[in-house]
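Notes follow once the structure below has been shown.
The values are calculated or read from the model by the stated rules, or taken from the named source; none is laboratory data. Predicted model only: the values in this text are computed from it and were never measured. When we count neighbours, we look across all protein chains shown, and the Cβ atoms used for this are built from the backbone with ideal geometry, even at glycine. Areas reflect the complete protein model, heavy atoms only, side chains present, ligands, DNA and RNA absent. Shrake-Rupley method; radii C 1.70, N 1.55, O 1.52, S 1.80 Å.
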Amino acid sequence: MMAINLHRKKRINNLANYVSEDFTEGYKVNLIKIARYEELSLYYDHYENTFDGMLVYIDSMYHIHINLDKGNTINSKRGRFTLAHELGHYLIDEHRIALKYGMITSHQSKNGLLNKDLIELEADYFASCLLMPEALFKQACARKQFSFTLIEALSNLFQVSIMASILRFIEIGSRESMVIISKDNVIRWFAKSNDFQKVGFKFKVNSTLPRESRSFSFKNNNYGDYTSEVEEVDTDIWFINKFYNDTIFEQYYYSKINGYLITLIWFK
């Protein structure tokens, strides 16, 4: 999968922070007010199982379409991320101009982690920065003990998904950590904070979870969402190299909506 370079990420983050300043109410950014301020036509409608959101340029005007059939209501966490993503396509100059002059065509955006091109990654990153402005996010994390309890609190505070709050924490949070996304014990994707220790992994994308890990032992018995207890485990379950200490914390969250097991690993 492609990645956004650091210079570009900084520009997008600065743009999102600038936009959020005038539209943040407590910890929640008012996206509808941003759309109105920019004089964007906004449509919440039924488009079946096609896309989450789409920005189009017709008759010298920009229009945002949001798909209710995929759970993108005005106040849902999914709907908020979808609208923030489409606002990214509009507010990032290169995206807006390219659409206006036909350098790119209107395309259907879909929420998810995998198989995204650079334009979609940039709009996702803008959405994350807009919904969780850097200063506010760091303030909300300060002096808090890390676990899924904190992640869930951040998710509710900023009205974003669990996954969005994890990825923002990994980028700008207060401790080195990593996340592994798996399904049916097969690893689909992972990410780590920039300050995470340089160690060899005992796993890779498309491999099975380490058999000695707590995450591997999880069995879906048709329960709903499930969060495990925090457990202290040996580093050599997940990693090849030795650390400055021999144990790490592992905790996982099962999301019934997509069948993903989200594993967090962090240091004491």
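Per residue, the solvent-accessible area of the chain (1.4 Å probe, heavy atoms of protein chains only, all protein chains present) comes to 51 Å².
How would region 47-102 be classified by its alpha-carbon gyration tensor: rounded, prolate or oblate, with rounded meaning a/c under 1.5 and the a/b versus b/c comparison settling the rest? In terms of gyration-tensor shape, prolate.
Highest mean packing first, where packing is the average number of other Cβ atoms within 10 Å per residue, the peptides 68-78, 145-155, 96-106 line up as 145-155, 68-78, 96-106.
If I compute solvent accessible area with a 1.4 Å probe over the protein chains, what percent of it on the chain is carbon and sulfur? Could you put the intermediate results ahead of the total?
On the way: 6890 of 13800 Å².
C and S atoms contribute 50 percent here.
Here the relative contact order of region 77-232, from alpha carbon pairs under 8 Å that lie six or more residues apart, stands at 17 percent.
Which of the residue pairs 116/183; 204/268; 77/204; 116/256; 9/70 have a Cα-Cα distance greater than 21 Å in the structure shown? Checking Cα-Cα distances, 204/268; 77/204; 116/256; 9/70 exceed 21 Å. Taking a straight line from the alpha carbon of residue 100, these aspartates and glutamates sit under 19 Å away, with near neighbours fewer than eight places off in the same chain left out: 38, 39, 59, 86, 120, 122.
A simple spin-label model places the labels of residue 7 and residue 247 4.6 nm from each other, with each point 7 Å out along Cα-to-Cβ. Descending by average beta-carbon neighbour count within 10 Å, the peptides 179-189, 126-136, 219-229 line up as 126-136, 179-189, 219-229, the highest first.
Which of rounded, prolate, oblate describes region 13-67, given a ≥ b ≥ c as roots of the alpha-carbon gyration tensor eigenvalues and a/c under 1.5 marking rounded, otherwise prolate only if a/b is larger than b/c? It comes out prolate by the Cα gyration axes.
Values [x] 18.1, 61; [y] 18.5, 53; [z] 19.3, 63 are given for comparison; Rg and Dmax of the Cα atoms in Å, derived from the coordinates here, is the one labelled [z]. On a 0 to 90 degree scale, rounded to 10, what angle separates helix 118-131 from the longest Cα axis of the chain? Its long axis makes an angle of about 80 degrees.
Of the peptides 167-177, 37-47, the order by per-residue mean of other Cβ atoms within 10 Å, starting with the highest, comes out as 167-177, 37-47.
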